[in-house]
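A quick write-up on the structure given underneath.
The values are calculated or read from the model by the stated rules, or taken from the named source; none is laboratory data. Fair warning: this is a prediction, and the values are worked out from it, not measured in the lab. No Cβ is skipped: glycine too gets one built from the backbone with ideal geometry, and neighbour counts run over all protein chains shown.
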Amino acid sequence: MSAITKTVTLSGGSPTSYEDAIRTILGRAAESVSEITRFEVVSMSGKVDASGLPASFDITLLLTFVVKESLAHN
């Protein structure tokens, strides 16, 4: 039987960079979801401080993971 996957939308941010925001989101998701197989960046945004410099880097991801097969269905 081929794997069934589920895709969810997750958002997060970082004061440092977009890459750090992605790593943070994936790391937190991996604490409660196993078998994450892929991600897709849906949107990137940020905030600018009074001096015109980036103050935050915000990301929205689609995260795909494998749905575990129930033992009762084997």
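Per-structure values
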{"item": "From the options 38, 23, 28, residue that is basic (Lys, Arg), surrounded by 13 or more Cβ atoms within 10 Å (Cβ to Cβ) and out of contact with any Leu (no Cβ under 7 Å at 6 or more places or on another chain)", "result": "23"}
{"item": "Candidate set: the stretch 10-40, residues that are aliphatic (A, V, I, L, M) and assigned to a strand (DSSP E or B); chosen: the one farthest from residue 64 (Cα to Cα)", "result": "10"}
{"item": "Given (1) exposed (fewer than 11 other Cβ atoms within 10 Å of the Cβ); (2) modelled with pLDDT of 95 or more; (3) aliphatic (A, V, I, L, M), number of the condition residue 71 does not satisfy", "result": "(2)"}
{"item": "Qualifying residue in the stretch 41-52 (condition: part of a loop (DSSP other than H, G, I, E, B), among the hydrophobic types (A, V, I, L, M, F, W, C) and over 28 Å from residue 69 (Cβ atoms))", "result": "yes"}
{"item": "Residue check, residue 7 β-branched (Val, Ile, Thr), part of a helix (DSSP H, G or I) and surrounded by 11 or more Cβ atoms within 10 Å (Cβ to Cβ)", "result": "no"}
{"item": "Sole exception among (1) surrounded by 12 or more Cβ atoms within 10 Å (Cβ to Cβ); (2) in contact with a Ser or Thr (Cβ under 7 Å, 6 or more places away or on another chain); (3) among the β-branched types (Val, Ile, Thr) for residue 16, by number", "result": "(2)"}
{"item": "Unmet requirement for residue 57, which otherwise passes all of (1) among the hydrophobic types (A, V, I, L, M, F, W, C); (2) within 30 Å of residue 2 (Cβ to Cβ); (3) in contact with a helix residue (DSSP H, G or I) (Cβ under 6 Å, 6 or more places away or on another chain)", "result": "(2)"}
